[in-house]
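Down below is the structure, laid out as structure tokens.
The values are calculated or read from the model by the stated rules, or taken from the named source; none is laboratory data. Just so you know, these numbers come straight off a predicted model, no measurement behind them. Here Cβ is always computed from backbone atoms with ideal geometry, including for glycine, and neighbour counts include all displayed protein chains. Side chains included, ligands, DNA and RNA excluded: accessible areas come from the protein's heavy atoms. Shrake-Rupley method; radii C 1.70, N 1.55, O 1.52, S 1.80 Å.
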Amino acid sequence: MSELKTYPIRCPRCQREQSVELYESINVQADPNLRQRLMANDINVVRCKDCELSFRVDKPLLYHDPARRIMIYLVPFGAADLGTGERQFADLLLRLEGLLPADLRAPHIGLVCSRIELVERIFLLEAGLNERIIEYLKYLLYTRNAERLNPATKELLFNAEDSNAESLCFVVQDVETRKLEAMLKYDRSVYAALSEMFDRDEQTPRLLELFPGPRISARALLLKELGPEPEPPES
Ligand SMILES: [Zn+2]
């Protein structure tokens with residue numbers, strides 16, 4: 001079931017404070033319309049009663065698709081608050097543990113820190129792909145194209161729409177302008193070979209070592225090596 005909670009929200013333009021209902025969690029099996037609204041950037045969007053400004057409130061949101069066993073927690077935070085984000089994530093896991101029957105296998109649950117990352121992760125999991133392998137492919141793309149692809153200014157996003165049986169597509173997005181600049185492709189056979197390799201080795205040590213979680217992100221990993229991550233811009 002989706003969960004709403006009332007918050008006092010101040011309009012950033014006219015400063016009027018109003019009580020608004022915002023989503024704590026959305027269950028897209030019970031209400032498929034909420035998935036569409038998320039894709040259209042229409043979740044937790046407030047319209048000011050006075051000046052009619054529409055603005056999105058960035059707050060934690062749990063995305064739940066029980067039919068596909070997908071659970072993703074969005075905590076909008078920058079690198080400076082990574083600890084906060086991970087603490088909130090740990091709190092959520094504890095809360096869920098109390099709610100789920102003991103014999104139920106833990107659902108697939110991930111942590112993302114922006115709406116863009118959330119949408120990307122949904123498409124990726126719906127396509128039956130493993131997020132660690134996808135982030136590993138991104139990691140390879142970043143490191144092999146270091147001159148063109150600076151993780152501080154460019155973000156690589158998995159592009160489900162243009163991916164097909166032969167290749168997996170990634171788009172390069174400029175972090176500041178949010179413009180899509182280029183498309184990079186990876187042969188599916190590379191994914192398949194990696195997947196097989198990691199499947200054979202049950203613990204997938206290399207992948208787990210690179211991406212221990214809860215946040216699995218090639219860009220975050222590379223930025224950590226480079227220094228502090230800039231605040232994510234509005235999306
Ligand atoms: Zn207003």
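Tabulated values for the structure
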read-out	value
Residue that is farthest from the ligand (Cβ to nearest atom), among those in the range 63-82 that are over 23 Å from Leu221 (Cα atoms) and open to solvent by 20 Å² or more (accessible area, probe 1.4 Å)	Arg69
Subset tally (residues that are farther than 18 Å from Leu137 by Cβ and open to solvent by less than 30 Å² (accessible area, probe 1.4 Å)) for the range 171-184	2
Test: residue in the range 163-170 that is out of contact with any helix residue (DSSP H, G or I) (no Cβ under 9 Å at 6 or more places or on another chain) and open to solvent by 70 Å² or more (accessible area, probe 1.4 Å)	no
Conditions (1) without any contact (Cβ under 8 Å) to a residue 24 or more places away in the chain; (2) under 25 Å from Arg37 (Cβ atoms); (3) surrounded by 19 or more Cβ atoms within 10 Å (Cβ to Cβ): number failed by Leu149	(2)
Selection status of Arg144, out of contact with any Leu (no Cβ under 8 Å at 6 or more places or on another chain), without any contact (Cβ under 8 Å) to a residue 12 or more places away in the chain and surrounded by fewer than 18 Cβ atoms within 10 Å (Cβ to Cβ)	yes
The range 1-29, subset open to solvent by 70 Å² or more (accessible area, probe 1.4 Å) and closer than 22 Å to Leu92 by Cβ, residue farthest from the ligand (Cβ to nearest atom)	Gln29
Residue in the range 30-43 that is small (Gly, Ala, Ser), within 16 Å of the ligand (Cβ to nearest atom) and more than 19 Å from the chain's Cα centre (by Cα) present	no
Which listed residue is small (Gly, Ala, Ser) and at pLDDT below 90, from Ala127, Ala102	Ala102
Flag for Leu208 being outside any strand (DSSP E or B) and surrounded by fewer than 15 Cβ atoms within 10 Å (Cβ to Cβ)	yes
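Matching residues to (1) modelled with pLDDT under 90; (2) among the β-branched types (Val, Ile, Thr); (3) farther than 19 Å from Leu61 by Cα:
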| residue | (1), (2), (3) |
| --- | --- |
| Ala80 | yes, no, yes |
| Pro107 | yes, no, no |
| Val112 | no, yes, no |
| Ile122 | no, yes, no |
| Asn145 | no, no, yes |
| Asn159 | no, no, yes |
| Leu168 | no, no, yes |
| Lys185 | no, no, yes |
